[in-house]
Amino acid sequence: MNQKEKVLVIIPAYNEAENIVRVVNHMMEQAPQYDYLVVNDGSTDDTLKLCHRENFHYLDLTINMGIGGAVQAGYIYARKNDYDIAVQMDGDGQHDIAYLDKMLIPIINKEADVVIGSRFLEKEGFQSSFSRRLGINILSFLIRLTTGKRIMDVTSGYRAVNKMFIEIYSKDYPMDYPEPEAIVAAIMHLGRVKEIPVQMRPREGGTSSITFKKSIYYMIKVTLAILICRMSYGVRRGKREDI
């Protein structure tokens, strides 16, 4: 895709030794025109060693900050290095780099500020478990109730944002299970949020950090976080200003 914008792909990685080499190599093969940054989130396995061995571009967080802290570190890097667009892509192999250009088009064409790769628009590819889909539907309903905006795949970590939201997220990004709360924050900042259909794959290796007990905690925590986020921003009025 011909475009002048500087694009950074942020790849947060916590204990992704089984996946990270394959994920980064696939991106360099399929989308060499874009920059990337692996954010090693205090991994206790060989993730950091592999990044160093393969001469990847990486940022090492010496302690585990959680997904929100790792992603925010990537946004800070993007802001300091004057990137126009930042893309979040998980380090576990679930997100297909083949959709990257499609993720960028609405931002390049000034049609959206935040683009979410959604599993549920066309319902193709890996759809997650029934219990997780149920939780996603509940959070989707809550976001629609509190903001008036319907987002189908509220937990998707495959996202692209423009320069305005690189600035916003580099300064303030939810820490723990951040994806739904970050959507609310985007809407409260009068951001234009758009979903595009993508297909995702099951995790290629390793295990998810979200257990059943953590899923219960996740739902309670994120529900409260959405409500608090909505109340803290209040009702924003007026015309948005693009950067």
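Within segment 109-124, being open to solvent by less than 10 Å² (accessible area, probe 1.4 Å) and farther than 14 Å from PHE165 by Cβ holds for GLY117, SER118. The set of residues in segment 6-37 being outside any helix (DSSP H, G or I) and either on the phi > 0 side of the Ramachandran plot or open to solvent by 50 Å² or more (accessible area, probe 1.4 Å) (or both) consists of LYS6, TYR14, ASN15, GLU18, PRO32, GLN33, ASP35. Scanning segment 133-160 for residues that are β-branched (Val, Ile, Thr), within 15 Å of SER118 (Cα to Cα) and not in a loop (DSSP other than H, G, I, E, B) gives a single hit, ILE136.
If I ask for residues that are open to solvent by 30 Å² or more (accessible area, probe 1.4 Å) and without any contact (Cβ under 8 Å) to a residue 60 or more places away in the chain, which ones from segment 62-75 would you list? Scanning segment 62-75 gives THR62, ILE63, ASN64.
Of all positions in segment 49-64, none carries a residue that is within 15 Å of the chain's Cα centre (by Cα) and modelled with pLDDT of 95 or more.
Of all the residues in segment 87-114, those that are among the hydrophobic types (A, V, I, L, M, F, W, C) and out of contact with any strand residue (DSSP E or B) (no Cβ under 9 Å at 6 or more places or on another chain) number 1. Of all residues being of a type in the set (S, T, N, Q) and crowded, with 17+ Cβ neighbours inside 10 Å in segment 76-108, which is farthest from ASP46 (Cα to Cα)? Just the residue, please. Among those that are of a type in the set (S, T, N, Q) and crowded, with 17+ Cβ neighbours inside 10 Å, it is GLN88.
Evaluating HIS95 against the criteria (1) farther than 24 Å from MET28 by Cα; (2) of a type outside the set (Ser, Thr, Tyr); (3) outside any helix (DSSP H, G or I) leaves one unmet condition, (1). Applying a threshold of 6 Å to beta carbon distances and a minimum spacing of six or more residues, or different chains, the list of pairs starting in segment 166-178 at a residue that is part of a helix (DSSP H, G or I) and ending at one that is of a type in the set (Gly, Ala, Ser) reads ILE166/ALA78; ILE166/ALA86. Would you be able to say whether some residue in segment 78-86 is modelled with pLDDT of 95 or more and at positive phi? Scanning segment 78-86 turns up at least one residue that is modelled with pLDDT of 95 or more and at positive phi. Taking the conditions (1) in contact with a Gly (Cβ under 9 Å, 6 or more places away or on another chain); (2) within 21 Å of LYS194 (Cβ to Cβ); (3) modelled with pLDDT under 95 in turn, ALA98 satisfies each one other than (1). Scanning segment 22-45 for residues that are in contact with a helix residue (DSSP H, G or I) (Cβ under 9 Å, 6 or more places away or on another chain) and more than 21 Å from VAL71 (Cβ to Cβ) yields a total of 2.
The values are calculated or read from the model by the stated rules, or taken from the named source; none is laboratory data. From a predicted model like this one, the values you see are computed outputs, not experimental measurements. For neighbour counting, all protein chains shown are included, and Cβ atoms are generated from backbone atoms with ideal geometry for every residue, glycine included. Note: accessible area is taken over every heavy atom of the protein model, side chains too, but ligands, DNA and RNA are not part of it. Shrake-Rupley method; radii C 1.70, N 1.55, O 1.52, S 1.80 Å.
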